[in-house]
Structure formats: structure tokens, C-alpha cells
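The values are calculated or read from the model by the stated rules, or taken from the named source; none is laboratory data. Computed from a predicted structure; not experimentally measured. FYI the Cβ positions are ideal-geometry reconstructions off the backbone, even for glycines, and counts take in every protein chain you see. Surface accessibility is based on the protein's heavy atoms, side chains included, excluding ligands, DNA and RNA. Shrake-Rupley method; radii C 1.70, N 1.55, O 1.52, S 1.80 Å.
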Amino acid sequence: MEILQEFSIWTKGDELQGKIMVGIGLVLVLCLLLGFKYENPLLKGMFIPICLLTAASLGYGSFITYSRTKHLKTLTEQYGNNPKETVKMALGKAQNDHKIYIILKIVWSTLLILSVLIFLFTVKEYYKGLILGLFCLFVGFLLIETFLHSRLTHCFENVSRLDKLSIF
């Protein structure tokens, strides 16, 4: 039962992150609507990357919120039928997700550093805004991946520990 509690904590944390992402996406929509009125070239340059961040926050946040609820129900049913196989399957999926999160964090970090370097050598205001918007986009993606990865790592370390201790 402790394993199911760990799964529950993990999925509820991801659901909460999805709801926060949707909330941030809605705030970004308001910012975009307000920023669209101004003729500042810096704001115009930031428009497209911030639109992408908004779409990712709303879309991925909604997806996480919706899918994690179903995922917990599925895990609970599978665990009731075959606990060992369910834990083995979940740990395998967690290992794959762990590898993907590491790769994505490296990608976002590299793009973040690259955008800072390009920003330092850019003179036109529009392009500075574009690079600044990309910087915000990469920071947003890096934060999203870091929080998801942190929760996943914590949960499945506990599940692995409990799985070795429990007797089925």
C-alpha cells in the first residue's frame, strides 16, 4: 500500500504542476494582450517566443492535469491485479523518462547559454527582444522539466526502496 501512496503523491504533484502551468499560461495570455498594444520593438521581438511558451504552458499543463488522473487510476487497478509486474513496469518507464529528462535539461541549458551569448552581440532592439523571448522560453522549459524530473526521481527512489523491502 505504501507503494500506491508514493504513486499517488507523485501523480498529485504532477497534476498540481499542470494546474500551475495552466494558470501561468493564462497570465501570459493577458501579458501578450497588453504587450501587443505597444509599439516597442523589444516587445514585438518577444511576442513569438512568449506565444510558444504560452501554448506550451496551456497545452502541456492541461495534458499533465488530465493524463495523470487517468494514470493513477490505471496504476491502482493494475497494482491490485499484479503488484510485482506493475511496479516493474512503472520502474522501467521511470528509467526511460529519467533518461529523457536528462537529455532535455542538457538541451534547454545549452540553448539558454547560447541565447545569452547571442544577446550580448545583438544590437537591434527587435532581435534583442527575440533573443530575450527565447531566453524566457528556454528558462520556462528548463523549469518545467526540472520540477517533473525531481518529482519522478524522488517517487521512484522511494518505490524502488519499498519494492525491495516488501514481500508479495
Taking first residues from region 66-80 that are within 18 Å of LEU152 (Cβ to Cβ) and of a type in the set (Phe, Trp, Tyr) and second residues anywhere that are surrounded by fewer than 14 Cβ atoms within 10 Å (Cβ to Cβ) and modelled with pLDDT under 85, the pairs with Cβ under 9 Å that are 6 or more apart or on different chains are none
Within region 74-125, the residues that are within 24 Å of PHE141 (Cα to Cα) and among the basic types (Lys, Arg) are LYS93, LYS99, LYS105
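Which of the residues belonging to region 105-129 are open to solvent by less than 50 Å² (accessible area, probe 1.4 Å), part of a helix (DSSP H, G or I) and of a type outside the set (Phe, Trp, Tyr)?
SER109, LEU112, SER115, LYS128, GLY129
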Matching residues in region 41-89 (farther than 29 Å from GLY133 by Cα, buried (at least 16 other Cβ atoms within 10 Å of the Cβ) and within 19 Å of the chain's Cα centre (by Cα)) number 3
* **Residue within region 24-39 that is open to solvent by 30 Å² or more (accessible area, probe 1.4 Å) and under 22 Å from HIS149 (Cα atoms) present** => yes
Taking region 130-155 and keeping residues open to solvent by 60 Å² or more (accessible area, probe 1.4 Å) and of a type in the set (A, V, I, L, M) leaves LEU143
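For region 156-167, what are the residues that are in a helix (DSSP H, G or I), of a type in the set (A, V, I, L, M, F, W, C) and surrounded by fewer than 17 Cβ atoms within 10 Å (Cβ to Cβ)? Talk me through it step by step, then tell me what you get.
Restricting attention to region 156-167, the residues satisfying the condition of being in a helix (DSSP H, G or I) are 156-165.
If we keep only those that are of a type in the set (A, V, I, L, M, F, W, C) too, we end up with 156, 159, 162, 165.
Residues satisfying the conditions are LEU162, LEU165.
Criterion first (out of contact with any Leu (no Cβ under 8 Å at 6 or more places or on another chain) and of a type in the set (Val, Ile, Thr)) does VAL22 satisfy it?
Numbers: out of contact with any Leu (no Cβ under 8 Å at 6 or more places or on another chain): no; of a type in the set (Val, Ile, Thr): yes.
Answer is no for this residue.
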Going through (1) over 22 Å from the mean Cα position of the chain (by Cα); (2) touching a residue at least 24 places away in the same chain (Cβ under 8 Å); (3) under 23 Å from TRP10 (Cβ atoms) one by one, LEU130 fails only at (3)
